[in-house]
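This report refers to the structure that appears directly beneath it.
The values are calculated or read from the model by the stated rules, or taken from the named source; none is laboratory data. Keep in mind the model is a prediction, meaning the values are calculated, not measured. Virtual Cβ from ideal backbone geometry, glycine too; neighbours counted across all protein chains shown.
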């Protein structure tokens, strides 16, 4: 059976920004209670009082966050190097039986040049290649017989080296995405390995994104 408390919890948990605002004590409970009155009344199918909603808000128990999680704090304090690579292009191709052969040709061509940025991800129906723009013509040539779905230039990648054991820390990526979202930074792509996490953004956002990532250590 739904209650005012359960409705409040449901709404807050589905709204990360709202949950963050409550944890930082920057939201007025009275104003929020009035704002939530209509959706909660709809959920319960009966009118509710603002005072009852405000009491439920005050009783809401915040989950572990960066500020009160020692493990998360330790991980962010021990972040490794942050590397920025610019002049990147992102290609999207429809998956096919021959796509992997084209991919192999690219790897063979660039294997001797460690300065070239290259990332390949394969989904159920399409695959992405992020590569230094200097290799754009080569990609178009090698994949000329594939179905190209998209192409985006003027991208930059920010790579973060994570401490070992990071995969055991709940909420790690959430904290990174949350801080980027707070600064209205749109992610074009995300690529990760076990101990390395890379975000790809448009060039005009790279300085702002780098500043956010760097502050994670603070």
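Looking at the range 14-36, is at least one residue outside any helix (DSSP H, G or I), at pLDDT below 90 and in the same structural domain as residue 163 (by TED's automatic domain parsing)? It would help to see each step written out before you state the result.
Start the filter on the range 14-36 by keeping residues that are outside any helix (DSSP H, G or I), which leaves 14-15, 24-28.
If we keep only those that are at pLDDT below 90 as well, we get 14-15, 24-28.
The next check asks that each one be in the same structural domain as residue 163 (by TED's automatic domain parsing); those that pass are none.
No, there is no match, as no residue in the range 14-36 is outside any helix (DSSP H, G or I), at pLDDT below 90 and in the same structural domain as residue 163 (by TED's automatic domain parsing).
Residue 126: in contact with a helix residue (DSSP H, G or I) (Cβ under 7 Å, 6 or more places away or on another chain) and either closer than 22 Å to residue 199 by Cβ or surrounded by 12 or more Cβ atoms within 10 Å (Cβ to Cβ) (or both), yes or no?
Values: in contact with a helix residue (DSSP H, G or I) (Cβ under 7 Å, 6 or more places away or on another chain): no; either closer than 22 Å to residue 199 by Cβ or surrounded by 12 or more Cβ atoms within 10 Å (Cβ to Cβ) (or both): yes.
So residue 126 does not fit the description; no.
Which ranges mark the helices (runs of 4 or more DSSP H) fully within the range 114-216 that have 3 or more residues being farther than 16 Å from residue 99 by Cα and touching a strand residue (DSSP E or B) at 6+ places or on another chain (Cβ under 8 Å)? It would help to see each step written out before you state the result.
On the way: elements: 136-142, 172-182, 206-215.
Passing ranges, in order: 172-182, 206-215.
For the range 166-183, give me the residue count where each residue is within 20 Å of residue 218 (Cα to Cα) and either exposed (fewer than 14 other Cβ atoms within 10 Å of the Cβ) or touching a residue at least 60 places away in the same chain (Cβ under 8 Å) (or both).
The qualifying residues number 11.
Mind counting the residues in the range 31-54 that are surrounded by fewer than 12 Cβ atoms within 10 Å (Cβ to Cβ) and over 16 Å from residue 5 (Cβ atoms)?
Number of matching residues: 5.
Looking only at the range 83-113, count every residue that is part of a helix (DSSP H, G or I) and under 18 Å from residue 132 (Cβ atoms) and tell me the total. Walk me through it before giving the result.
Quick first cut of the range 83-113, residues part of a helix (DSSP H, G or I) only: 99-110.
Next, only the ones that are under 18 Å from residue 132 (Cβ atoms) stay: 102-103, 105-110.
Residues flagged as part of a helix (DSSP H, G or I) and under 18 Å from residue 132 (Cβ atoms) within the range 83-113 amount to 8.
Taking only pairs six or more apart or across chains, which ones have beta-carbon atoms under 9 Å, a first residue in the range 145-158 that is free of Cβ contacts under 8 Å to residues at least 60 places away in the same chain and in the same structural domain as residue 129 (by TED's automatic domain parsing), and a second residue that is surrounded by fewer than 13 Cβ atoms within 10 Å (Cβ to Cβ) and assigned to a strand (DSSP E or B)?
Every condition considered, the pairs that remain are 146/94; 147/94; 148/94; 149/94.
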